[in-house]
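One structure is given here, and the rest of the page talks about it.
No value in this document is a laboratory result; all are computed from the given coordinates. Please read these numbers as outputs of a predicted model, since none were measured by experiment. Positions of Cβ are backbone-derived with ideal geometry, glycine not excepted, and every protein chain shown enters the neighbour counts.
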Amino acid sequence: MAEPVITAVVTAYHPDQRLAAVLDAALVTCADVLVVDNTPKGEESLTDTFTDARVRVLRSGRNGGLAGALNDAVRELPAATDAALLLDQDSTLPDGMVAALAAHLADPSIGAVAPTPVDIADGRSYERFAPTGSGLADRDTVITSGMLVRRSALTAVGGFRDEFFVDWVDNDFCLRLRRKGIRIVQDLNTVLPHSIGDRREHKVGPFTFRVLRYAPWRHYWITRNGVVMIKEHVGANPKWALMALLYIGRQAVTTALFEPKRSATLPAILRGIRDGLTNRTTLAYLPKGADYREPARSR
């Protein structure tokens with residue numbers, strides 16, 4: 001089997017110099033790079049300075065969220081592209097990672113392959129129940145950053161879910177792949193250092209709670225989209241739905257206990273629960289300058 005032609009897809013928003021390092025690393029093993037810049041119109045961006053012919057910047061001047069950016073890139077993939085490597089603007093690409101992932105696409109049953117993400121701050125896995133050992137592990141879901149996905153798999157499920165904006169976009173995409181019978185695997189030997197945001201540790205007696213701090217609007221989307229996903233998948237995948245419920249519950253409890261701005265975040269979580277249960281969206285919980293896309297299709 002010939003080596004797949006890979007296009008790196010990098011999503012960006014007000015990027016800094018780390019994006020240039022991502023592009024340099026991606027171009028070592030990828031045929032080209034598509035950068036989707038969600039920086040709003042009228043605001044300067046590092047992407048305005050790119051001149052490499054192998055790098056194409058898509059900048060609409062609107063912030064359509066992660067899902068919208070990924071879908072913009074999917075529509076613009078070059079005709080020769082066999083697979084897309086999905087990256088963040090601050091991703092760190094270890095030597096040999098792309099080649100290791102691409103080798104697994106020799107198996108036609110595999111539609112997407114991902115590295116094993118670890119916290120860039122301390123090298124620890126941030127998945128509570130991550131698989132251990134070596135080799136390949138079949139997964140229901142993997143994170144977007146570092147995922148190498150066949151073009152045919154993208155086409156099979158119609159891309160990413162615009163209405164989710166940011167959170168749970170990866171979970172939704174992966175579970176739709178699985179429903180199509182398409183395998184998702186994780187290479188346990190290939191590590192991707194990944195930044196997981198502003199994490200704080202709080203000690204209560206013998207217990208240590210690691211808490212990620214988010215703006216209220218993120219708490220809303222994490223909760224709202226998570227509830228929607230649980231409703232949609234509890235019948236077909238109850239184990240996954242239970243883990244998602246525990247995650248949302250833990251977020252709510254740790255926020256109530258440790259979040260200094262809980263007067264703003266707790267209402268956002270409660271509104272997210274309500275909207276998730278009723279399939280509503282509260283646009284007031286979009287970040288400033290966001291351009292929300294209504295659902296393209298019902299699910």
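Under 26 Å Cα to Cα from K239, which lysines show up? Leave out anything in the same chain fewer than 8 places away. Within the straight-line cut-off, K239 pairs with K180, K231.
If you run the Gaussian network model on the chain, springs between alpha carbon atoms under 10 Å, then out of P108, P216, P117 the most flexible one is P108.
Cα convex hull, segment 152-222: 159 Å³ per residue, rounded to a whole number. In summary, the lysines within cross-link reach of K261, defined as a Cα separation below 22 angstrom excluding same-chain residues under 8 places away, comprise K203, K288.
With the simple model of a label 7 Å out from the Cα in the direction of the Cβ, A284 to D119 spans 3.4 nm.
With neighbour counts taken as other beta-carbon atoms within 10 Å, the residues E163, E232 rank, fewest first, as E232, E163. Projecting label points 7 angstrom from Cα along Cα→Cβ for K41 and L257 puts them 4.7 nm apart.
Computed about the Cα centre, the dipole magnitude for segment 6-194 is approximately 700 debye when only Lys and Arg (+1) and Asp and Glu (-1) carry charge, each at its Cβ.
Order of S263, S125 from fewest to most other C-beta atoms within 10 Å?
S263, S125
Applying the Karplus relation 6.51 cos²θ - 1.76 cosθ + 1.60 with θ = phi - 60° to segment 166-173 yields 3J(HN,Hα) values of 10, 7, 6, 4, 5, 4, 4, 4 Hz, where x marks Gly and Pro. D for segment 36-117, whole µm²/s, Stokes-Einstein with Kirkwood Rh over alpha-carbon pairs at 25 °C and 0.890 mPa s: what number? Here the translational diffusion coefficient equals 164 µm²/s. Dividing the mean sequence gap of close Cα pairs (under 8 Å, 6+ apart) by how many residues segment 198-285 holds gives a relative contact order of 36 percent. Result for the chain in a Gaussian network model with C-alpha springs under 10 Å: among R213, R250, R224, the largest mean-square fluctuation is at R250. Rg/Rh for segment 144-299 (Cα atoms only, Rh after Kirkwood) is 0.97. Using only alpha-carbon positions in segment 6-194, the gyration tensor eigenvalues give semi-axes of 25, 18, 16 Å once each is multiplied by 5 and square-rooted (largest first). Find how much the distance from K231 to L188 grows on full extension, using 0.36 nm per residue of separation minus their present alpha carbon separation; answer in nm with one decimal. Extending this stretch completely gives an extra 12.4 nm. From a point 7 Å beyond the Cα of T132 in the direction of its Cβ, which residues of segment 232-248 have a backbone N at a distance under 20 Å? So the set is empty, nothing qualifies.
As a proxy for reagent exposure, M97, M243, M147 were ordered by neighbouring Cβ count within 10 angstrom, fewest first; the result is M243, M97, M147.
Only helices enter this figure: runs of n ≥ 4 DSSP H residues, each worth -39500 (n - 2.57), summed and divided by the residues of the chain, yield -11000 deg cm²/dmol at 222 nm to the nearest 500. Between Q17 and D140, the FRET efficiency from the beta-carbon distance, with R0 = 45 Å, is close to 0.80. Here segment 198-285 is described by how far its Cα atoms reach on the three principal axes: 38, 32, 17 Å, from widest to narrowest. Normalised by the number of residues in the chain, the average gap of Cα pairs under 8 Å and 6 or more apart makes the relative contact order 18 percent. Loop-located trypsin sites (Lys or Arg not before Pro) in segment 4-79 (DSSP state other than H, G, I, E, B) with a sparse environment of at most 11 neighbouring Cβ atoms within 10 Å: K41. Here is the list for segment 93-186: trypsin sites (Lys or Arg not before Pro) lying in DSSP coil, each with at most 13 other C-beta atoms within 10 angstrom of its C-beta, are R124, R128, K180. When a/c reaches 1.5 or more, the comparison of a/b and b/c decides; with that in mind, is segment 45-90 rounded, prolate or oblate per its Cα gyration tensor? Verdict is oblate for segment 45-90.
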